[in-house]
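The values are calculated or read from the model by the stated rules, or taken from the named source; none is laboratory data. The shown structure was predicted, so the numbers you read here are calculated from the model rather than taken from an experiment. Cβ placement follows ideal geometry from the backbone for every residue including glycine, while neighbour counts extend to all protein chains displayed. To get the accessible areas, we keep the full protein, side chains included, count just its heavy atoms, and leave off ligands, DNA and RNA. Shrake-Rupley method; radii C 1.70, N 1.55, O 1.52, S 1.80 Å.
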Amino acid sequence: MKKSLTALVALFLLSSIGHAAPYYTGVGCNEEGTSCTFGKPSKRVLQWSRKGTVDELGSRCEKFFDNIDARQRVIGSQRAIDLKYKNFTFSWVAGDLDQNGHAKIKCHIELHSEIADVKIVGEKVKSLYWVCENEESSGICKNYESDCEALRQQTLKDPTVLDATIYRGASLLQGNICDVVAARFK
């Protein structure tokens, strides 16, 4: 009994060494990490989204993809990367309007690293608390939307960053929060 259990464990370990890391891990996932019943992305998959105006991202997120492709070519000239896009969606954000009165657009994509030892991760760069829209806003304001955007632009100057985005949140003790998050290859 012990020998067969040891042989089974050894076989399992050896079979996992020969394969690349799966896209997803969890219940019901096959070797490639697809067809999962309950799976979560591995570090080879990054669910990435960005919200902005049509001028920034394009009417169907074409500028969003162009920016990622351009930065991927720059990073790819320094190291081997192979990035695939899967499960693309976009939506209009009804309650959030730009200066022209048009609804903002939200682009969502899964970024898949096709090279097993190259991971793609989203790392929080910094969180700003008590964020107000502008200097004329009422309430407690420690930071402004322009500070969040300036931090995002500064993050994009790093040549190892694929893209940077701002995620919004709020809490009772910290007010409105903006998190600047960068997508990087590891």
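Within region 156-186, if we keep just the residues that are more than 14 Å from the chain's Cα centre (by Cα) and buried (at least 19 other Cβ atoms within 10 Å of the Cβ), the residue that is nearest to ARG71 (Cα to Cα) turns out to be CYS178. Residues in region 60-85 that are of a type in the set (Lys, Arg) and either surrounded by 14 or more Cβ atoms within 10 Å (Cβ to Cβ) or within 13 Å of the chain's Cα centre (by Cα) (or both): 2 in all. Pairs meeting the criteria (first residue in region 77-92 and within 14 Å of PHE64 (Cβ to Cβ), second residue exposed (fewer than 11 other Cβ atoms within 10 Å of the Cβ) and of a type in the set (Phe, Trp, Tyr), beta carbons under 8 Å, at least 6 apart or on different chains) are lacking.
Considering only residues in region 122-154 that are basic (Lys, Arg) and more than 17 Å from GLY175 (Cα to Cα), the one that is surrounded by the fewest Cβ atoms within 10 Å (Cβ to Cβ) turns out to be LYS124.
Taking GLU110, is it in the same structural domain as GLU32 (by the TED database) and open to solvent by 50 Å² or more (accessible area, probe 1.4 Å)?
Values: in the same structural domain as GLU32 (by the TED database): yes; open to solvent by 50 Å² or more (accessible area, probe 1.4 Å): no.
The answer is no for GLU110.
Selection of first residues in region 35-59 that are within 22 Å of TYR24 (Cβ to Cβ) and open to solvent by less than 90 Å² (accessible area, probe 1.4 Å) and of second residues that are at pLDDT 90 or above and in a helix (DSSP H, G or I), restricted to Cβ pairs under 7 Å at least 6 apart or on distinct chains, gives an empty result.
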